[in-house]
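Worksheet: the structure to be examined is printed underneath.
The values are calculated or read from the model by the stated rules, or taken from the named source; none is laboratory data. Just so it is clear, the structure is predicted and the values come from calculations on it, not from any experiment.
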Amino acid sequence: MKKILLTGHELVERAAQLGVSIYRDDANVPIGTNPIMAPVVSEYEIQRRVIEAERHISEHKLWIIAVISTAIALISAFAAWAAVISKSC
């Protein structure tokens, strides 16, 4: 299933929700420059940044699920081991 790429105002809103910068990362811009005057990157670049942020969030959630499932597997293995030990006694 392909996800439709956002454009225009919807894209800028989604970038703001994710905390993605829509401004060019230019080393020549002095620190403290008003963001209103900073140049905005292309729509393609904003889409790329939004997709990358969404992918990062998704990977982070999968990592948490993997850790939880590992903990549950360890608990299950311990319970099975305890059952075997209690049967043999």
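When we screen 36, 51 for residues that are within 15 Å of residue 21 (Cα to Cα), among the aliphatic types (A, V, I, L, M) and at pLDDT 90 or above, the only hit is 51.
For segment 1-33, a residue qualifies if it is at pLDDT 85 or above and over 21 Å from the mean Cα position of the chain (by Cα), and the qualifying residues are 8, 9. Within the set 69, 58, 86, 76, the sole residue that is among the hydroxyl-bearing types (Ser, Thr, Tyr), at pLDDT 90 or above, more than 24 Å from the chain's Cα centre (by Cα) and in a helix (DSSP H, G or I) turns out to be 76.
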